[in-house]
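First the structure, in the form of structure tokens, and then the observations on it.
What follows is calculated from the coordinates using simple rules that are stated; it is not laboratory data. Because the structure is predicted, anything quoted here is derived from the model rather than measured. Backbone-built Cβ (ideal geometry, glycine too); neighbour counts: all protein chains shown.
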Amino acid sequence: MKKSVLTRYRVMAYVTGVLLVLLTLGMIGKYLLEMDGADDFTRVVSIAHGWLYVVYLVFAFDLGSKAKWPVAKQLWVLLAGTIPTAAFFVERKITHELEAEVAEDAGAVAKA
């Protein structure tokens, strides 16, 4: 597997995670604290998160299919972008699992 596949996934996991945390904070500000401007902030962040989550799904699915994950693991990674802060933890775990495989493939290419 190429390192770029893992890198794309990692970037989108962080982007999705940050936007979801911002969206959660915006919702708290909008509904619990009734802050001015939270409505507009929430609208913009929710749209951005929605579209970028679709990109995250594509990259995560691509990574999972190339890593030959079972369906349950694939679903676990795909759903991580819907739970605040889960994307950060799942990304860290997946990166640690796949770093050896990526380094192995890079070494094989360098020898050839």
In order over the range 44-52: 3J(HN,Hα) from phi, Karplus 6.51/-1.76/1.60, θ = phi - 60°, whole Hz, x for each Gly or Pro, gives 5, 5, 5, 5, 4, 5, x, 5, 6
Computed ³J(HN,Hα) along the range 66-77: with the Karplus parameters 6.51/-1.76/1.60, θ = phi - 60°, integer Hz and x for glycine or proline, the list is 6, 8, 6, 6, x, 4, 4, 5, 4, 5, 4, 5
For ARG92, ARG8, ascending order of other Cβ atoms within 10 Å (fewest first) is ARG92, ARG8
When the charge dipole of the range 1-108 is computed with +1 at the Cβ of Lys and Arg and -1 at the Cβ of Asp and Glu, the Cα pointing farthest to the positive end, of VAL58, MET27, ALA100, is that of ALA100
With only helices counted (DSSP H, runs n ≥ 4, each -39500 (n - 2.57)), the per-residue ellipticity at 222 nm for the chain, to the nearest 500, works out to -28000 deg cm²/dmol
For THR85, other-chain or 5+-apart residues with amide H closer than 5 Å (H placed, Pro excluded) are VAL21
Among (i) -0.49; (ii) -0.54; (iii) -0.78, the entry matching log10 I(q)/I(0) by the Debye sum over Cα atoms at q = 0.13 Å⁻¹ as calculated here is (ii)
Listed by chain and number, the lysines with an alpha carbon less than 18 angstrom from that of LYS3, same-chain partners under 8 positions apart left out, are LYS66, LYS68, LYS93, LYS111
